[in-house]
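All remarks here apply to the structure that follows.
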Ligand SMILES: Nc1ncnc2c1ncn2[C@@H]1O[C@H](COP(=O)(O)OP(=O)(O)OP(=O)(O)O)[C@@H](O)[C@H]1O
Ligand SMILES: [Mg+2]
C-alpha cells in the first residue's frame, strides 16, 4: 500500500447524473490548493432524485470516477485519509433549535465545555424513527439573555443560550451511500450534505452575513440554502432539475430523451435576448426520417416556462418557511442546469432580487478543468476538507503532533467536532 498522504484531500460528489472525484494537494504554509486529478463518470440510472436506486451501477460509477482521478493525480485513494463525500437526497430536513445551560464555576466564565454542553442541549430534538443528525451548525449565542453573538468564549454570566441549525437525513440513505463506498473500497472521512459544500465553494462572507439564497440545479434535484447573519437558516433538496427540462423538450419536439438532452446542452436557452432570430438548429426525427429544421428561439417557449416553474416552486417553499426576507444580497446559482443562457434573468424575475451564476474558486494545477458550475459541490468538499485539516493541524509533517497553541485553534477544533 502507498504511504499515507496527509496533505492530500479527495472529494467525491455523488450526483444524480454523474459522480465527480477531485484529488487536491494542499499546503498549510501558504493556503495553497492545487488540483492534481479529477474524474467524472455517469451514474447510468444508479441514482434517481439524488437517492441511490441501483447500488451496482453506483459502485461501477464510483470506481470509474475515482480511478480516472487517481491515474491523473498518480495517487490512490487508499493513500488519502481525507476523503469527503457529498450526499444529497430529498429526505434532508432542517430544524432551527435552541438550547440553554447554566454556567458553572465561581468566575462564571464561558468555557469550551459550556459551549459544548449548550449545543448538546440544543441538539436534543425529537427525531422520527429512521432519521439521524447529519450536521449541527451553531448559529449564535447569548449570555444572560443579552444580544445574540457569534463567539461567547470567555464572556461572563450565569446562563448561556444558543441557536443551532440541525440538518437531518434518512439513516437508510446514509447507510446505502456508505455501503456503495465500501464496495468501491473507499473509506470516507465524512459524509457532507451537498448544500453545505456548495455554500463553502461559492458564497462570500458578506453575502452570508447580509442574507443570500443559493440554488444548485442539478440533473434530478435542486439544493436550496438560505444563509443569513453569517450562518445557514434553511436547507432543503427538491425533486426538480434538468431532467424535467429535457423531458419537456423531448415531448414538445417529439424526439427521444437522449436527443432532447443533446439539443438542450448545445442550444438550450431561456431568454430571447440570448438567441439570434435567424438561427436554426437540426432536430433529429424518430424512425430514421430526415432531421427537421427548427428556429432556435422556439426553445425558449419550451424551456423558460419550466425554469420559471422550478424557481416558482422554490419561492413558494421559501415563503412557507418565512425565508423570503433573508436574501438581501440576492440569489447565487450553481449546478449543470445553470449553464442555460438567460437563467439569471428568469431567476431575477421570479425572486425580484439580483441573481448571478456563481464564480467558482480557481485553484492551481488542473483547476481550470473543473470550472463549470456543476463542479461547485466537489470543489466545496475540497475546501471543506482543507478547513478541517487546518483546524485539526494534521498536515504531512511533525507539526501534526504539536499541541493547539491559541484559542482560535481551540475554537476551530470545537467547531470541527460540531460540524
Ligand atoms: N450546457 C448546458 N445547458 C443546460 N443544461 C446543462 C448543460 N450542461 C449540463 N446540463 C444539465 O445539467 C444537469 C447535470 O448537472 P449536475 O452535474 O450539476 O447534476 P448532478 O450533480 O449529476 O445531479 P443532482 O445534483 O441533481 O444530484 C443535467 O440535467 C444536464 O442536462
Ligand atoms: Mg449535484
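Gain in length, residue 308 to residue 279, computed as 0.36 nm per residue apart minus the alpha-carbon separation, to one decimal in nm?
Gain on stretching residue 308 to residue 279: 8.1 nm.
Per residue, what volume in Å³ does the convex hull of the Cα atoms of region 241-288 enclose?
Residue-normalised Cα hull volume stands at 81 Å³.
Over all Cα pairs of region 200-280, how is the pair count split among 10 Å bins, expressed in % and running from 0 up to the last occupied bin?
The percentages, shortest bin first, are 16, 31, 27, 20, 6.
Could you give the nm distance between label points at residue 79 and residue 294, where each point is 7 Å from its Cα heading toward the beta carbon?
Distance between the two pseudo-spin positions: 4.9 nm.
For region 45-91 and region 282-300, what is the separation of their C-alpha centers, rounded to whole Å?
36 Å
Under 1.5 on a/c is rounded, so check that first for region 282-388, then, if it is not, pick prolate when a/b is larger than b/c and oblate when it is not; a ≥ b ≥ c are the square roots of the alpha carbon gyration tensor eigenvalues.
On the way: a/c = 2.66, a/b = 1.28, b/c = 2.08.
Judged from the Cα gyration tensor, region 282-388 comes out oblate (a/c at least 1.5, b/c at or above a/b).
Which value, in Å³ per residue, describes the convex hull spanned by the Cα atoms of region 26-163?
Spread over its residues, the Cα hull of region 26-163 gives 181 Å³ apiece.
If each of residue 125 and residue 204 carries a label point 7 Å out from its Cα toward its Cβ, how far apart are those two points in nm?
Placing both labels 7 Å beyond Cα along the Cβ direction yields 3.1 nm.
Kirkwood hydrodynamic radius, region 204-359, all distinct C-alpha pairs: what's the number in Å?
For region 204-359, inverting the mean 1/r across all distinct Cα pairs yields 16.3 Å.
Quick one: order 293, 304 by neighbouring beta-carbon count within 10 Å, fewest to most.
Ordered by Cβ neighbours within 10 Å, fewest first: 293, 304.
Give the angle, between 0 and 90 degrees and rounded to the nearest 10, that separates the Cα long axis of helix 112-122 from the longest principal axis of the Cα atoms of the chain.
50 degrees
By what distance, in whole Å, do the Cα atoms of region 93-169 stretch along each of the three principal axes, largest value first?
43, 21, 17
For region 93-169, what relative contact order do you get, as a whole percent, if you take Cα pairs closer than 8 Å and at least 6 residues apart?
Numbers: 165 pairs, mean separation 36.0, N = 77.
Relative CO of region 93-169 lands at 47 percent.
How much of the pair distance distribution for the chain lies past 37 Å, counting alpha-carbon pairs only, in percent?
Working: 23859 of 87571 pairs.
Value for the chain (Cα pairs over 37 Å): 27 percent.
Rule-based calculations on the coordinates, nothing more; no lab input. This is a predicted model, so every value here is computed, not measured. Cβ: placed from backbone, ideal geometry, glycine included. Neighbour counts: every protein chain shown.
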